[in-house]
Amino acid sequence: RIFNKKRLLTLGRNNFGAAEGEHWLFWNYQGIPFLHKLKANVNDKTYVFSPEVIRYTINAYFGLKKDMIRLGMGKFGCPTNVNSGVHAIFLAFQMCDHVNLFGFSFNMHMLNERRDSISPRMSRFHDWSFDTMMLRMLHYAGKLNLCST
């Protein structure tokens, strides 16, 4: 699983545990002060993304965004953070030529209808309209398979 700082802090307050053999990855370096306690008490298979992995994700994400704007595909917002799902996708692209996704929203209607138990609100810190379009474009390009059922 991939978590951000907000989820890390939630994990520390709840009696949430890892499934057997589950590895936890964190991309937000602001959570590092809390990791030692989580690793010692909840899941010893807890890791932080390397700067190189984060740099690859940021360059790929904003490169795609720049290209899509240049092609006239929309005006997109300026996100404060890349969401954890996008971090997971680009981590997978560093290891695989093709990625299969299950349970990702690939249009704004799907995203607005989510009813997950962790956070039903959409964060203002992400550019969800670009993220969903990016997923569709990567799907059309044959780089990932979107399974929504």
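What follows is calculated from the coordinates using simple rules that are stated; it is not laboratory data. Computed from a predicted model, the values in this text were never measured in an experiment. Cβ sites come from the backbone with ideal geometry, for glycine too, and all protein chains shown count toward neighbours.
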Practice prompt. Can you pull the one-decimal nm distance between simple spin-label points at ASN100 and ALA40, each 7 Å off the Cα toward Cβ?
Written response: 4.0
Worksheet item: Taking a temperature of 25 °C and a viscosity of 0.890 mPa s, what whole-number D in µm²/s does Stokes-Einstein yield for the range 1-48 with Rh from Kirkwood over alpha carbon pairs?
Response: 234
Worksheet item: Could you give me the ³J(HN,Hα) list for the range 84-91, computed from phi with Karplus coefficients 6.51, -1.76, 1.60 and θ = phi - 60°, whole Hz, x at Gly and Pro?
Response: 4, x, 5, 4, 5, 4, 6, 5
Worksheet entry | Sequence-distant residues sharing a close amide H with MET73 (under 5 Å, placed H) | none
Worksheet entry | Hz values of 3J(HN,Hα) by residue in the range 65-79 - Karplus curve (6.51, -1.76, 1.60), Gly and Pro given as x | 4, 4, 5, 5, 5, 4, 7, x, 8, x, 9, 10, x, 10, x
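If R₀ is 30 angstrom, what is the calculated FRET efficiency for the pair HIS23 and ASN81, using the beta carbon separation as r and rounding to 0.05?
Details: r = 22 Å, r/R0 = 0.72.
About 0.90, to the nearest 0.05.
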Discussion item. Checking the cross-link filter: which lysines have an alpha carbon closer than 29 Å to that of LYS6, excluding same-chain neighbours under 8 positions apart?
Written reply: LYS37, LYS39, LYS45, LYS65, LYS66, LYS75
